[in-house]
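These notes are about the structure you will find just below.
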Amino acid sequence: MGSSFEQAIELILSADPELLNILATTAKMSLSSSIIALLLGVPFGILLGARKFPGRKTLVVLNRTFMGMPPVVAGLVFYMLFSGVGPFRHLHLLFTVELMIIAQVVLITPLIISTMETYVAQVAPLVKETSLGLGLSRWKRFWLLVNECVYPLFSTYLLGFARAIAEVGAISMVGGAIAWKTNVMTTAIMLYTNRGSFTLGIALGIILIALSLLVNMVLSLMQGRLSR
Amino acid sequence: MKVEACNKSFNDKKVLDLPAFELDEGCITAVVGANGSGKSTLARILAGLERPDERSWKRPTDNVGYMPQKSFAFRMTTRKNIALNGDDPQRMERLVDALGLEPLLDHRAKKLSGGETARMALARILMGDFDLLILDEPSASMDMEATLAAEQLLRDYVEHTGAIIVLITHSIQQARRVADKVILLDKGLLVEHTGIHDLIEHPQDERTVRFLQFFGV
């Protein structure tokens, strides 16, 4: 175990090409999916939290259902849709990073919607009451609401990114963990551990935790600066 | 300014049942009453935040300012919060001076204490020019000095603009200090609407007498 750990450190320090490729693929997938989910989820979250309209409660329940969807189920659905017998087979997206991103967006967006909806539902009545009382325009009221949401926006993004980088069920099904193509940190850890090769798995585990720590630190710093 | 008769029910429970009444321009009308008497509901209806049961009910004017009971600070400096409602530098300076906000102007408004937030919110609302200004217990979390300064600012506001101020308050003493007229509500009903001194010296209703006795007036 100790020797595997030392070898893992050596692997990281030697900038092993396969390791670097896995890291690059992971970064591309996690950053893309979390940013797309944020762009989709935040407006929906604000809408659900701030406005009352017919069907709103149904949408909230539906979103919570999607939030609890097991990643392997999402993976299975996308596999069926994009496989050789699926309706989207002509797009040739199965076993590509692009489909991995799409699957992750479907998994992460409900999480972001729900987090934003919960926060906005608390703050929106106060913003609305105060800004209507001041006689501010609709546009200014909206801007003030968005401005109030900047602080939780970072924690929401962090949540989405953490889910993206740690997810394995859906992406291993639609990506296939193909070396030098769709293999990311989590699938690689699984793959190499199954082969009995712990070195790369440990190296990736160390990087995964360090990366998570780094992202948390950067976001906390930004959150601190923006919390005024 | 005429306010149409209105009713308001929540879950089939009537919380407000008011006849039509008039608000005099250039006057401060205090709305007093016990908890649950409908003061804040009336304030929210006049501000357009609640709709009365009568769908055809119309607000007496669209140019209404409203300061809610719970003051809210937006995520920006105190100065920017106050300037949200107008940026006349002279007016801002006068309000800031009167309410002792000068040292807090460049502070993050979210970090202000309850009393400081209330002072900031009062300055913010008084930056606007309204025909009807509704203030729901604006000095509830202010100390005596700030309360007296706030009351003076309300008097100045009606004198300079000719606006109507509706001041929701628990305190008959505050109504006596600052208001010209008073509306006494009890369980959603309008008990009396008269001059403040008439209410105190010649109460017309048993409920008014009980209310005044409670405050030792």
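A few points about this structure:
- The chymotrypsin sites (Phe, Trp or Tyr not before Pro) found in the range A:1-91 that occupy coil by DSSP, while having at most 16 further C-beta atoms within 10 Å, are A:PHE88.
- Ligands, DNA and RNA are left out, and with a 1.4 angstrom probe the accessible area of chain B is 46 Å² per residue.
- Taking Cα centre as origin and charging only the Cβ of basic (Lys, Arg, +1) and acidic (Asp, Glu, -1) residues, the dipole magnitude of the protein assembly as shown rounds to 1440 debye.
- When only the Cβ of Lys, Arg, Asp and Glu is charged (+1, +1, -1, -1), the dipole of chain B relative to its Cα centre reaches about 940 debye.
- Where both bridge residues fall in the protein assembly as shown, DSSP classifies roughly 40% of the beta bridges as antiparallel.
- Too-long pairs where the Cα-Cα distance tops 19 Å, listed order kept, from A:LYS128/B:LYS2; A:LYS128/B:LYS70; B:LYS2/B:LYS58; A:LYS52/B:LYS13: A:LYS128/B:LYS2; A:LYS52/B:LYS13
- On Cα atoms only, tilt of B:114-126 relative to the major axis of chain B in degrees: 80 degrees
- Structure remark: mean-square fluctuation, Gaussian network model of chain B, C-alpha springs under 10 Å; the largest value among B:ILE168, B:ILE45, B:ILE82 belongs to B:ILE45.
- The range A:103-194: chymotrypsin sites (Phe, Trp or Tyr not before Pro) in DSSP coil with no more than 11 other Cβ atoms inside 10 Å: A:TRP180
- With each label modelled as a point 7 angstrom along the Cα→C-beta vector, the A:ASN147-A:LEU219 pair spans 2.5 nm.
- Contact surface B-A: accessible area buried, both sides summed, square angstrom, 1.4 angstrom probe: 1800 Å²
- The range A:113-126 - phi-based ³J(HN,Hα) in whole Hz, Karplus 6.51/-1.76/1.60, Gly and Pro as x: 4, 5, 5, 5, 4, 4, 5, 5, 4, 7, 8, 4, x, 5
- Calculated diffusion of the range A:10-69, Stokes-Einstein form, Kirkwood radius summed over Cα pairs, 25 °C and 0.890 mPa s, µm²/s: 168 µm²/s
- The ratio of the alpha-carbon radius of gyration of the protein assembly as shown to the globular-protein estimate 2.2 N^0.38 Å is 1.35.
- Farthest toward positive dipole pole in the protein assembly as shown [+1 Lys/Arg, -1 Asp/Glu at C-beta], among B:SER9, B:HIS202, A:VAL150: A:VAL150
- Furthest towards positive pole of dipole, B:MET76, A:ILE12, A:PRO43, structure part the protein assembly as shown, Cβ charges: A:ILE12
- Projecting the Cα atoms of B:PRO103, B:HIS160, B:LEU135 onto the charge dipole of the range B:99-160 (Cβ charges, centred on the Cα centre) puts B:PRO103 farthest toward the positive pole.
- Kirkwood-based Rg to Rh ratio, the range B:10-148, C-alpha trace: 1.00
- Within a Gaussian network of chain A (alpha carbon springs, distance under 10 Å), most fluctuating of A:MET217, A:MET67, A:MET100: A:MET217
- For the range B:56-96, size of Cβ-based charge dipole, Lys and Arg +1, Asp and Glu -1, in debye: 180 debye
The values are calculated or read from the model by the stated rules, or taken from the named source; none is laboratory data. From a predicted model like this one, the values you see are computed outputs, not experimental measurements. Ideal geometry is used to build each Cβ from the backbone, glycine not excepted, and the neighbour counts take in all protein chains shown. Calculation scope for accessible area: heavy atoms of the full protein, side chains included, ligands and nucleic acids excluded. Shrake-Rupley method; radii C 1.70, N 1.55, O 1.52, S 1.80 Å.
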